[in-house]
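Here is the structure we will look at, set down as structure tokens.
The values are calculated or read from the model by the stated rules, or taken from the named source; none is laboratory data. Just so we're clear, the structure is a prediction, and the values are computed from it rather than from any experiment. Positions of Cβ are backbone-derived with ideal geometry, glycine not excepted, and every protein chain shown enters the neighbour counts. These area figures cover heavy atoms from the full protein model, side chains too; ligands, DNA and RNA do not enter into them. Shrake-Rupley method; radii C 1.70, N 1.55, O 1.52, S 1.80 Å.
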Amino acid sequence: MRIILAGGGTAGHINPAIAIAETVLAEEKDSAILFVGTKKGLERTLVPRKNFDIEYINVEGIKNKNAIKNISVGFKYIASVIKSMEIIRKFAPDVVVGTGGYVCAPVVTAANMLKIPTLIHEQNVFPGRAIKVLAKKSTVTAVSFAESIKYFKDAAEIIISGNPLRPEILNTDRATSRSELNLGGDKLIVVFGGSLGARAINDVVCDYINKYGNESGVRICVATGRYGYERVRQSVDSTKYPNVDIREYIHNMDKILTAADLVVCRSGAITVSEISALGVPAVLVPSPNVINNHQEYNARALSDNGAAITILEKDFNVQRLRQAVEDVLGNETFADEMRHRAKAMGKLNATQIIYDKLCKITRNGTK
């Protein structure tokens, strides 16, 4: 299979594309794979690190409420469509895949214009602007949540694939992870807010630790993020709380998540998909600082189905967190029900579903 993948800006768009590419190679070792991205996005480092080839185009996202800057954005978009057509003609792919971010729009548009089969993938419950527009002309739209289908009324075909996840997440074992972490019979609460950190979560958790950090039988692992580490260390005297582990990052997240009895975190698409796949009870605190408030949509998809607890940032405080901890850790029946409902929503074979669909639309000559 010859495949072009376009998606970028953030790891949430790039890693699903990489996971798809790796599955294609695992199934068909002689496949030819090319990524298209921008030099400003994380794809510039993440894609070469996986030894995939990448071509670059110069495109930007629409600037809200800035008509003058959007004139330049429009010209760059047109130039990027033309450049993408050149790349497609030269590479001659069987299919083009877009995984979101503004970089995928001109590439998928060019492929549709050239009658090349296309598949686009949306990670979040509420779709991004680019994916909603592209769905009208693309061969297949793959969504991660059933709740997304209502936003794609004009799509030619929709499949529910789930989010492509890291193999190390899917291949972990809870008993083994807990043994390696020497947890014994203790409950483990894991807190994280992303690589940069989430101040609102960090501040509440600092207060929580200072009140409940010595609770018997409970351990707390906190990943503060890059910008939160010093602030948290200054707010919490770690020598007083031997059961609390404060880190800047959690590098062994696969083991930590698998071993966790409760997770407190943001609700980015990949995070939500990982905790669903593992069946981990979660308190989700959506970031209010994202486009279209998509993290709240992601969180509600779980909590509306009894698979998580959603607390908006404006309502997130020590009292609400304490109540959630007591509800989950103090009631095994409730916790088991959350695990069961989360796993029921999780998709463990997203990349295989997408690969099978790619085979169908390329070999059946849909376009």
Report, in deg cm²/dmol and to the nearest 500, the calculated mean residue ellipticity at 222 nm for the chain, where each DSSP H run with n ≥ 4 adds -39500 (n - 2.57) and the sum is divided by the residue count. -13500 deg cm²/dmol
Can you list the residues, at least 5 places off or on another chain, whose amide H is less than 5 Å from the amide H of HIS121, using H built in the peptide plane? GLY98, THR99, GLY100, ALA142
Per residue, accessible area of segment 205-340 with a 1.4 Å probe, heavy atoms of protein chains only, in Å², comes to 44 Å²
Residues of type lysines that LYS132 reaches as a straight line, Cα spacing below 18 Å, ignoring anything fewer than 8 places off in the same chain: LYS63, LYS150, LYS153
Which links in LYS255/LYS360; LYS76/LYS115; LYS39/LYS90 stretch past 29 Å when you go from one Cα to the other? LYS255/LYS360
If you roll a 1.4 angstrom probe over the protein chains with everything in place, what fraction of the accessible area of the chain belongs to carbon and sulfur, to the nearest %? 50 percent
Rounded if a/c under 1.5, otherwise prolate or oblate - segment 151-206, Cα gyration tensor axes: oblate
Mind checking which helices in the chain clear 27 Å along their axis (Cα) and have mean Kyte-Doolittle hydropathy of -1.0 or more, DSSP H runs only? 67-91
How many nm separate the modelled label positions at ALA32 and ASP315, each set 7 Å beyond the Cα in the direction of the Cβ? 5.4 nm
Among 209-221, 341-353, how do they line up by average Cβ neighbours within 10 Å per residue, starting with the highest? 341-353, 209-221
The lysines whose Cα lies under 21 Å from the Cα of LYS240, excluding any fewer than 8 residues away in the same chain, are LYS187, LYS211
For ASN214 and LYS136 in the same chain, what is the full-extension length gain: residue separation times 0.36 nm, less their Cα-Cα distance, in nm? 22.6 nm
Which value, in Å², gives the accessible area per residue of segment 43-143 when a 1.4 Å probe is used on the protein heavy atoms? 48 Å²
With all pairs of different alpha carbon atoms counted, what Kirkwood hydrodynamic radius in Å does the chain show? 21.5 Å
